Amino acid sequence: MTMDECNRRIELLAPARDFDCACAAILCGADAVYVGAPRFSARSAAGNSLEDIRRVVELAHVYYVRVYVALNTILNDEELAAAKALIEDLYAIGIDGLIIQDMGLLALDLPPVPLIASTQMNNASAEKVKFLEEVGFSRVILARELRLEQIAEISEATSVELECFVHGALCVGASGQCYMSHALGGRSGNRGVCAQPCRRRYTVKDAAGTVIAKDRFLLSLKDLNLADDLELLLDAGVTSFKIEGRLKDAGYVANVVGYYRQKLDAILGKRGLRKSSSGEARLNFTPDPRKTFNRGFTDYGLTGRGGAMGSIDTPKSMGEPMGEIAEVGRDYFVLAGNEELHNGDGICFFDASNNLCGTVVNRVEGGRIFPQKMDGLQVGVAVSRNYDHAFSKQLQTPAQPRTIGVGVTLFDTADGVAVRAVDEDGNEAVFEMVTDKQPAEKAEQAVATAKKQLAKLGQTVFACRDVRIETAAVYFFAVSALNAMKRGVVDELLRVREGNRPMLKANEIKPAAYPEKRLAFTGNVFNEKARDFYARCGVETIEPAAETGMDLAGQTVMTTKYCLRRQLELCAGYSEQNIAEPLLLIDENGREFEVRFHCGECGTTIKCKN
């Protein structure tokens, strides 16, 4: 193992919709959290006040957990001044990094906060990531649609930190390159107000007018789950593993963070690597991503084409599969297999018309399940549990404190004694007490009392792993004196830890050569500062962003690695049907899109027709 590998710290990065979600993430083992700024976040519904962000920072920094703030929409000229003032406020709070998309911000006189290139910048090539590194970004968030070998190529060509999504909802469009919501109703994902057209029903016809699929959620993807690919991503050069979910609740965050914490810890221990934060998370539940919101899982073709990526029957959570119905009575049903349902569980299933239905389990007796209603429950129907009542109650119980391991030593000084505390990160603090050294009459009892009192750190963030008494003789100390020494060394250790807190390096911002001479509207240039910055980087032709009022009729509004033809089993080898292309995608309001396919590499291009 090289020295760089030995010093490499690995980060588990969690979403935080609000302070409660941030607490759940931190207590369940996150190494970093990302939160939405009060304005200009790509999840406008997940903004946080400056005061709440300050509270998150204060809690997180005790554990060396970093706090990144998303200010990652594109901005118009009138918004730049407000964005600059907000960034100055966030820097004063002590955030660890700022996630941005708009290059116009780089032309402003910003405080030295580390900048993180949002996935909305479409960071999908080594040339693009190298450019961002040379410009001065401290970290780059990779496009979600990259394959493993592409990530490895980027890592090989650059030295910037790489962050990669590993879990959660997927945008079907290439990162930062989806204009479908804006085309349909003016709500732009790059402005933080995506209307999620990918979660709507569509009908698809071929060029001859033959209906291929009707009223299905044809652009809805399953959720990403790369829990089994973490080692491959480590080898490819990823150092930050990101969970999506800034609109999810605290229970979801706790469950998924706890699951990935356990997965990563096993890998790091085996490889001799370390996490980037401090402290041990002690879960009071067994994490299982199937038990909170999910649309089923996909690896999104990380290592190959994989299986079906779409969740085209429903965009809603299906939870965990429980089995098929083997028997139906007047007011009950019985499942085949060994899976068990319990009182209060929520279940869902598809009826004969392929509509998603749901009900609640009232009671279970001897394998017979008595639901609130029996409509649609027939022999052969596959049942899923989308609400696990007992598990949800566990998630609502207060989390165990996260504790930082310390070793404590009592030793002699010239004028008395001192206590030394060394934490798991190697931080050391000493607290001295001037006192007469009165020999203990009952040495064994005095040693036991000293160890017991010095080890009792229950009201702090520390957990004592070891207490050593290294004085020349055994002295008598009142319990109050031992407690005073303990409080003193803990306060000093907290001060030392804050002074030694590792921080993401802020780099100098400067123009660099952009890998292309032309930027189409997909470059998302929305203000004059961004235009000027790209011009200084050598870009000669710069189209304005679609959000400036561009007519998108006839324009490509989505490019995706998701292949609708493959999803519908229309590829050669799957079907002998003679499909006339291009296909026509029609939404619920009759709006039409032309669909073409990238066969061989797999993928789809969707063009706005009207």
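The values are calculated or read from the model by the stated rules, or taken from the named source; none is laboratory data. As the structure is a prediction and not an experimental result, all values here were calculated from the model. Neighbour counts run over all protein chains shown; Cβ positions are idealised from the backbone, glycine included. Quick note on the areas: whole protein, heavy atoms, side chains included, nothing else; ligands and nucleic acids left out. Shrake-Rupley method; radii C 1.70, N 1.55, O 1.52, S 1.80 Å.
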Exercise for the section: Compute the semi-axes of the equivalent ellipsoid of segment 498-610, taking the square root of 5 times each eigenvalue of the Cα gyration tensor, and list them largest first in whole Å. Expected result: 39, 22, 15
Practice task
Per residue of segment 595-608, in order, report the coupling 6.51 cos²θ - 1.76 cosθ + 1.60 (Karplus, θ = phi - 60°) as ³J(HN,Hα) in whole Hz, putting x for Gly and Pro.
Solution key: 10, 10, 10, 9, 6, x, 7, 6, x, 9, 10, 10, 10, 6
Problem - Sequence-distant residues sharing a close amide H with Ile99 (under 5 Å, placed H) - result: Val69, Ala70, Leu71, Ile116
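So if I place +1 on the C-beta of Lys and Arg and -1 on the C-beta of Asp and Glu, and nothing else carries charge, what would the dipole magnitude of segment 341-433 be about its Cα centre? I want it in debye, nearest 20.
Numbers: 7 positive and 12 negative charges, 188 e Å.
Here segment 341-433 has a charge dipole of around 900 debye.
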Handout entry: Computed magnitude of the charge dipole of the chain (debye, nearest 20; Cβ of K, R +1, Cβ of D, E -1)
Key = 720 debye
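What does the charge count around Ser276 come to, taking other residues whose C-beta lies under 10 Å from its C-beta (Lys +1, Arg +1, Asp -1, Glu -1)?
+3
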Exercise for the section: Over the alpha-carbon set of segment 445-504, work out the extent along each principal axis and list the three values in angstrom, largest first. Expected result: 48, 25, 18
Problem - Calculated SAXS-style log₁₀ I(q)/I(0) at q = 0.11, 0.14, 0.24 Å⁻¹ - segment 107-209, Debye, Cα scatterers - result: -0.45, -0.67, -1.23
Exercise for the section: Holding the Cα-Cα limit at 23 Å, pick out from Lys275/Lys456; Lys128/Lys242; Lys270/Lys393; Lys130/Lys517 the pairs that are longer than that. Expected result: Lys275/Lys456; Lys270/Lys393
Fill in the blank from the handout: Summing +1 per Lys or Arg and -1 per Asp or Glu among the other residues with Cβ less than 12 Å from Val417's Cβ gives -3
Handout entry: Dipole moment magnitude, nearest 20 debye, segment 476-537 about Cα centre, only Lys, Arg, Asp, Glu C-beta charged
Key = 120 debye
Practice task
Calculate how large, on average over all directions, the projected area of the Cα convex hull of segment 387-451 is; give the answer in nm² to one decimal.
Solution key: 7.9 nm²
Practice task
Rounded to whole Å and sorted largest first, list the principal axis extents of the Cα atoms in segment 483-550.
Solution key: 69, 27, 16
Practice task
Report the semi-axes of the equivalent ellipsoid for segment 1-129 in whole Å, largest first, where each axis is √(5λ) for an eigenvalue λ of the Cα gyration tensor.
Solution key: 24, 20, 13
Problem - DSSP-assigned coil residues among trypsin sites (Lys or Arg not before Pro) in segment 291-353, each with at most 16 further Cβ atoms within 10 Å - result: Arg305, Lys316, Arg330
Problem - Debye intensity ratio I(q)/I(0), log10, segment 123-167, q values 0.15, 0.22, 0.33 Å⁻¹ (C-alpha model) - result: -0.30, -0.64, -1.38
Completion exercise
Counting sequence-distant residues (5 or more places) and residues on other chains, those with an amide H built under 5 Å from that of Thr413 are Ala418
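What fraction of the Cα pairs in segment 142-275, stated in percent, has a spacing above 25 angstrom?
Numbers: 3758 of 8911 pairs.
Summing the P(r) of segment 142-275 above 25 Å gives 42 percent of all pairs.
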Practice task
Would you mind getting the Kirkwood hydrodynamic radius of segment 298-401 from its Cα pairs, rounded to one decimal in Å?
Solution key: 15.2 Å
Completion exercise
Counting only DSSP beta bridges fully inside segment 372-469, the antiparallel percentage to nearest 5 is 70 percent
Handout entry: Kirkwood hydrodynamic radius (C-alpha pairs) into Stokes-Einstein, segment 512-568, 10 °C and 1.306 mPa s, D in µm²/s
Key = 121 µm²/s
Handout entry: Where segment 437-494 is the region considered: accessible area per residue in Å², 1.4 Å probe
Key = 60 Å²
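Which whole-number percent of Cα pairs in segment 351-401 have a distance greater than 14 Å? Spell out each step's value before the answer.
Numbers: 822 of 1275 pairs.
Tail of P(r) above 14 Å: 64 percent of Cα pairs.
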Fill in the blank from the handout: Extend 7 Å from the Cα of Ser125 along its Cα-to-C-beta direction; within segment 514-538, residues with backbone N under 13 Å of that point are 514-520, 523
Problem - Residue (of Ala506, Ala484, Leu494) at the positive-pole extreme of segment 428-528, dipole from beta-carbon charges - result: Ala506
Practice task
Starting at the first residue of segment 28-35, write each ³J(HN,Hα) from the Karplus equation 6.51 cos²θ - 1.76 cosθ + 1.60 with θ = phi - 60°, in whole Hz, x for Gly and Pro.
Solution key: 8, x, 5, 8, 7, 10, 10, 10
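So in the chain, what percent of DSSP beta bridges are antiparallel if you round to the nearest 5?
Numbers: 60 of 102 bridges.
Of all bridge pairs located within the chain, approximately 60 percent are antiparallel.
Once whole DSSP H runs in the chain are found, which of them have Cα atoms spread over 24 Å or more along the helix axis and a mean Kyte-Doolittle score of at least 1.6? Write down the numbers at each step before the final one.
Details: long enough: 250-271 (31 Å, -0.10); 479-499 (30 Å, 0.03).
None pass (Cα extent of 24 Å or more, hydropathy at least 1.6).
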Completion exercise
Binned at 10 Å from zero, the C-alpha pair distances of segment 41-192 give percents of 10, 38, 37, 15, 0
